[in-house]
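Here is the structure we will look at.
Each reported figure results from applying straightforward, stated rules to the coordinates on display, with no laboratory input. Being a predicted model, the structure only gives us computed values, none of them experimental. Neighbour counts are summed over all protein chains in view; Cβ atoms, including those assigned to glycine, are modelled from backbone coordinates with ideal geometry.
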Amino acid sequence: MDPTPESVGTGHERRRRAYSARNRALDVHLNLNVRGRLPSATVAINERSDELRRQGRTICKLGLGQSPFPVPQSVVRSLQENAFQKDYLPVKGLPALREAIADYHRRKEDVPATAADVLVGPGSKELMFLIQLVYYGDLVIPTPTWVSYAPQAGIIGRQVQWIQTRSVDRWQLMPDQLQALCDMDPGRPRIVILNYPNNPTGGTYKLEELKGLARVARENKVVLLSDEIYSDLHYKGQHVSISRFYPEGTIISSGLSKWCGAGGWRIGHFVFPTGMRWLLDAMAAVASETYTATSAPIQHAAVRAFQGGPDIERYLKHSRRVLSTLARWIVNHLSNAGIRVEPPRGAFYLFLDFENYRDELAARNITTSVALCEHLLEEAGVAILPGSAFGRPESELTARMAFVDFDGEKALDAIEPVASDAKLNGAFVRSIAPEMSAAIDRIVEWTGAAANPRS
Ligand SMILES: Cc1ncc(COP(=O)(O)O)c(C=O)c1O
């Protein structure tokens with residue numbers, strides 16, 4: 001038998017070799033589906049922004065899409081009162097919470113949901129991962145799109161079919177586009193993602209468009225995964241779920257992260273059509289072998305949030321007013337400077353299009369959305385995310401702005417005494433969001449500088 005490396009040489013050498021063998025890094029054996037994956041673009045820009053701040057630069061962070069508002073007091077209180085809850089809960093969710101969620105969707109969207117149709121999970125993102133794991137079929141994603149659907153499909157090994165929406169359609173999926181995709185391979189099992197109010201555009205669908213999409217989906221027997229997590233941040237409080245027009249094939253995805261400002265609480269849910277209980281059950285089976293159940297105190301507190309009431313409605317009304325006032329002001333400012341932006345109808349995102357500046361930007365070597373955002377960060381001190389992170393072509397000069405860099409609590413206090421029909425002007429915007437409004441000025445100036453490369 002050959003001597004092992006440890007058995008030759010002096011005692012000192014043997015010990016040294018044994019030590020280095022113990023500390024030698026193991027070979028890298030990563031699942032092929034995750035090899036080369038990097039943290040999301042959102043995380044990367046956030047880290048770069050923090051680094052620049054550490055260097056003493058003024059940076060306005062409009063990259064990360066987190067609600068600026070505090071969790072409503074009554075919901076926080078309910079969490080405090082339930083801190084003692086320690087038992088594992090049923091994998092599908094606390095029965096009282098499933099009931100409260102079903103009631104919320106009946107009340108808000110006239111969707112005939114029952115508690116048995118609801119699946120609660122640790123964030124809707126996790127449920128989206130689970131559905132892709134258990135459903136056998138392709139994932140159809142209209143772009144621009146939220147950043148995580150496609151990487152989840154990649155990790156699982158699901159095939160993604162992209163549909164590029166058009167700026168003339170307000171970046172929304174049109175029924176004929178969905179029909180054209182289905183015609184290419186009729187009968188193929190598919191989940192189509194809809195997301196409205198949309199991240200990254202803030203756009204929503206007109207009633208006729210929802211009906212058209214529902215008709216195409218029904219004719220082609222596709223499953224709609226309708227991500228309606230921003231529904232309660234529709235600025236006019238008039239969100240309509242597509243489930244009303246295609247109840248048998250629509251799964252609604254929602255949660256507390258956005259309208260209730262509780263992203264870090266990690267709770268989300270799906271509402272299934274009764275005929276799709278097989279899918280709910282399959283997801284619950286996988287959940288029981290992975291995260292077991294969602295945090296007990298959070299679920300108990302969430303009951304209060306979904307029960308609603310006057311304080312929650314007031315909170316929502318003021319949140320919507322703050323967001324729509326900011327959106328209107330920013331859209332005006334940017335459009336006056338020649339930056340195209342579709343006025344949002346809900347949520348806290350804007351999808352900017354610098355196409356009007358293509359030649360001037362090209363003269364400064366800026367020909368991709370990534371370069372555009374890098375220059376904006378380094379030269380104007382504003383962090384926004386490139387359109388390519390949202391599934392758009394690399395050379396398209398688009399970017400997402402999350403207009404959330406302001407103190408949400410102060411903004412709610414400031415807007416509360418203002419009469420509902422009062423027109424809020426720029427002075428109000430500058431008072432509630434001084435840094436963010438200054439950042440918008442810097443984008444406008446920077447773009448002006450881009451228009452004149454010699455300046
Ligand atoms: C469109 C969209 N869907 C889903 C999520 C995930 O939300 P949750 O916190 O429920 O996982 C987000 C979060 O940013 C989102 O923007």
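For this structure, a couple of remarks:
- Per-selection Rg to Rh, the range 73-308 - Cα, Kirkwood hydrodynamic radius: 0.96
- Two-site label geometry, residue 336 and residue 85: point separation in nm, points 7 Å out along Cα→Cβ: 4.9 nm
- Computed [θ] at 222 nm, deg cm²/dmol, the chain (DSSP H ≥ 4; -39,500 (n - 2.57); rounded to nearest 500): -13000 deg cm²/dmol
- Basic side chains Lys and Arg get +1 at the Cβ, acidic Asp and Glu get -1 at the Cβ, and with that the dipole of the range 306-455 about its Cα centre reaches some 380 debye.
- Test item: Cα-centred dipole of the chain, Lys/Arg +1 and Asp/Glu -1 on Cβ, debye: 480 debye
- Between the residues 75, 269, 148, the greatest Cα displacement towards the positive end of the dipole of the range 73-308, with unit charges on the Cβ of Lys, Arg, Asp and Glu, is found for 75.
- Its convex hull of Cα atoms gives the chain a direction-averaged projected area, equal to a quarter of the hull surface, of 30.0 nm².
- Residues 410, 236 in ascending order of nearby Cβ atoms (within 10 Å, fewest first): 236, 410.
- Loop sites here are chymotrypsin sites (Phe, Trp or Tyr not before Pro) outside DSSP states H, G, I, E and B with no more than 13 other Cβ atoms within 10 Å. The longest part of the chain free of them is 137-455.
- Computed over the range 225-308, the alpha-carbon pair-distance distribution with 10 angstrom bins reads 16, 42, 37, 6, 0, each value a whole percent.
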